[in-house]
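The structure under discussion appears below in the form of structure tokens.
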Amino acid sequence: MCLLLGATGVGKTLLVKRLQKLSSRDGKGDLGDLPPTRPTVGTNLTDIVAQRRITIRELGGCMGPIWSSYYGNCHSLLFMVDASNPTQLSASCVQLLGLLSAEQLAEASVLILFNKIDLPCYMTIEEIKSLIRLPDLIAGAKQNITTVEISAWKGTGLSEVLRWLEDTHRTNG
């Protein structure tokens, strides 16, 4: 099981819909029109079928206080940050710290997604890493942490996310 977490409005639902479409095309071709999305209240389960079936459980940002009840059986964690929203960054950092310190997630592989890099006001990865002190977070974490810049809207970086999911779930079951 893969958990997809992040604040409300960072693009989690669009990401899973795009990954599902990308995996059905073997990572090639046009992603087509943007699928309709609305904020997730509760949880969505989505299967991505690449080299094997990977189930992604997306939890709505409003569910942050009870995310921990879903940590069991989590092999991987996708944590999404809105790179175009500096006011949300500190809250995302606090959420990430909580996830990295959770004992049930100590064995999970973590992919931090910096989304919305297609917007003109996005912060660079260097700015974000500095602001949230990402090198310190990574150094102190038990988990294997990877980062990637993406645009769920335009499809940038999504093949990297799919590849990471395939690689992670090949080794972790």
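Could you grab the relative contact order for the chain? Cα pairs under 8 Å, six or more apart, rounded to a whole percent. Could the numbers behind the result be given before it?
Values: 293 pairs, mean separation 44.1, N = 173.
Reported as a whole number, the value is 26 percent.
If one computes the Cα centroid of region 121-137 and of region 45-90, what distance in Å separates the two points?
Cα centres, region 121-137 to region 45-90: 20 Å.
Quickly work out the residue 144-to-residue 125 label distance, labels modelled 7 Å from Cα along the C-beta direction, and quote it in nm with one decimal.
1.8 nm
Please report the base-10 log of the normalised intensity I(q)/I(0) for region 106-173, using a Debye sum with one equal scatterer per alpha carbon and no solvent, at each q in 0.15, 0.21 (1/Å).
Debye output, listed in q order: -0.56, -0.97.
Residue 12: which lysines have alpha carbons under 19 Å from its alpha carbon, excluding same-chain residues fewer than 8 sequence positions away?
Output for residue 12: 21, 116, 154.
Once ligands and nucleic acids are excluded and a 1.4 Å probe is used, how much of residue 154 is accessible, expressed in Å² to the nearest 10?
The value for residue 154 is about 140 Å².
The values are calculated or read from the model by the stated rules, or taken from the named source; none is laboratory data. Everything numeric here is computed off the predicted structure, so don't read it as measured data. Because the Cβ atoms are built from the backbone with ideal geometry, glycine has one as well, and the counts that use them run over all protein chains shown. Just the protein is used for accessible areas: all its heavy atoms, side chains included, with ligands, DNA and RNA removed. Shrake-Rupley method; radii C 1.70, N 1.55, O 1.52, S 1.80 Å.
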